[in-house]
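The values are calculated or read from the model by the stated rules, or taken from the named source; none is laboratory data. None of the values given here were measured: they were computed from a predicted structure. We place every Cβ from the backbone using ideal geometry, glycine too, and count neighbours over all the protein chains shown. Heads up: the accessible areas ignore ligands, DNA and RNA and are worked out on the full protein's heavy atoms, side chains in. Shrake-Rupley method; radii C 1.70, N 1.55, O 1.52, S 1.80 Å.
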Amino acid sequence: MVNYVVKAGDSPWSIAKKYGVNYNDIVAINGLTNRKNLVIGESLLIPINQSKYREEIEVNGFIIPTTTARDKEIVDQNQKYLTLITPFSYHVNENGTLTDLRDDTIIKEAKKYNVSPMLCVANISSSGGFDTELIGRILNDKNIQNTLINNIINTLKRKGLGGVIVDFERIPPKDRQNYNDFLQELVRRVHAAGKYLVGTALAPKQSSVQTGPWYEAHDYEAHGKIVDFVILMTYEWGWSGGPPRAVAPINEVIKVLNYAVSVIPSYKIMMGVPYYGYDWKLPFVQGGPFAEALGNQEAVIRAEKYGANIKYDVISQSPFYNYMDENRVMRVVWFEDSRSMMAKFNLVIKYGLRGVSYWVLGKPFPQNWALLNSMFRVKKL
């Protein structure tokens, strides 16, 4: 695959003729079926120079359950490219029990396609945020931890899952070792219960001494020794409540990977990849309206609607554009395209990583899957 940046006067027909490829392939790969016009600056994937050798990787996709029909549709559309699928999430209660999740459709569909459904447990409270006090209480009470591990194992068995991903965030820094000890016991007991995998989600640290509530209790070196794999949450530099910028700037992702591979075996590392972008109101005001999350293909369609030209930031290796909405309000959109995804996939090869983990499945992004399929073979467990 190669990337082609659309210029004035281009059409799918003219591009197909220029490269000597099938017009229908360009339309399908780039999701152009219902598009009237191309956008200047838009990146299209052109199916040439296909490599016969493709490295094998594992691919995880987080998914937020919605309706039976929608959950089935998402699994059916993406199953070919997934090793694991992880409904998000089972919330941990202060007594060690787990809230249930309506994930039966996802699990049933995943198994039809040899995709391993995973259990994700998170310290999210009823208010909807990661709860520092809640996880602090759990990590300081062995009885609650024992109950929690029992409930994790029982859920794995009852639902026929492939393993568990622990997503504990905003842990009190003082409980760093307690978290490591909990994981050690969790892995010991889960492995003894069957052929289950145990993974953790880690904040994107760039050094062992990085401070802040999201980072200090995440001990990269310890997790690299204890669990089967880690997911680096290498996204959200640009986030809905913060200043506009690339969601996963490649220069920042590289800093995280450089540190991670120095203390974690690369074959245990799954690089997080954003499956979304954001649309911010300008000028940005701290504490003002949050940015709107949108799909990557949706971002290009929006640029077409408002007549915006897409630009590409070479430092972050991410596309963006500005436009004026119906209320004459200026806005800026940062998202992912075939160029930014290729840059990320090249890091998987460069660092010899286990694979990638998407947050979060649901919005169409056909370029991503075409590119992934051209560069890698997806492992099935």
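Looking across ALA343, ALA370, one residue alone is more than 13 Å from the chain's Cα centre (by Cα), in contact (Cβ under 8 Å) with a residue 12 or more places away in the chain, surrounded by 19 or more Cβ atoms within 10 Å (Cβ to Cβ) and under 26 Å from ILE310 (Cβ atoms). It is ALA370. When the stretch 126-185 is filtered for residues that are of a type in the set (Ser, Thr, Tyr) and open to solvent by 60 Å² or more (accessible area, probe 1.4 Å), the ones remaining, listed by number, are SER126, SER127.
Total residues in the stretch 259-274 satisfying the condition of being open to solvent by 10 Å² or more (accessible area, probe 1.4 Å) and in contact (Cβ under 8 Å) with a residue 40 or more places away in the chain: the figure is 7. Of note, LYS205 satisfies the criterion of being open to solvent by less than 50 Å² (accessible area, probe 1.4 Å) and farther than 30 Å from ARG70 by Cβ.
Each row is one residue, and each column tells you yes or no for (1) in a loop (DSSP other than H, G, I, E, B); (2) open to solvent by 40 Å² or more (accessible area, probe 1.4 Å).
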| position | (1), (2) |
| --- | --- |
| GLU221 | no, yes |
| ILE231 | no, no |
| GLY242 | yes, no |
| PHE284 | yes, yes |
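How about the stretch 258-282: which of its residues are part of a strand (DSSP E or B), of a type in the set (A, V, I, L, M, F, W, C) and either farther than 27 Å from PHE365 by Cβ or within 20 Å of the chain's Cα centre (by Cα) (or both)? Within the stretch 258-282, ILE269, MET270, MET271, VAL273 qualify. Quick check on my filter: what residues within the stretch 292-318 are surrounded by 21 or more Cβ atoms within 10 Å (Cβ to Cβ), part of a loop (DSSP other than H, G, I, E, B) and hydrophobic (A, V, I, L, M, F, W, C)? Selection gives ALA308, ILE310.
Scan the stretch 323-340 for residues that are in a strand (DSSP E or B) and more than 25 Å from the chain's Cα centre (by Cα) and the total you get is 3.
Taking the stretch 1-32 as the range and being within 26 Å of the chain's Cα centre (by Cα) and farther than 23 Å from ARG54 by Cβ as the test, the residues that pass are VAL5, VAL27, LEU32. For ALA8, the criteria (1) hydrophobic (A, V, I, L, M, F, W, C); (2) farther than 30 Å from VAL115 by Cα; (3) open to solvent by less than 40 Å² (accessible area, probe 1.4 Å) hold in every case but one, which is (3). Tell me, yes or no, whether the stretch 72-92 has at least one residue that is over 24 Å from TYR351 (Cβ atoms), open to solvent by 10 Å² or more (accessible area, probe 1.4 Å) and more than 22 Å from the chain's Cα centre (by Cα). So far as the stretch 72-92 goes, no, none of its residues is over 24 Å from TYR351 (Cβ atoms), open to solvent by 10 Å² or more (accessible area, probe 1.4 Å) and more than 22 Å from the chain's Cα centre (by Cα).
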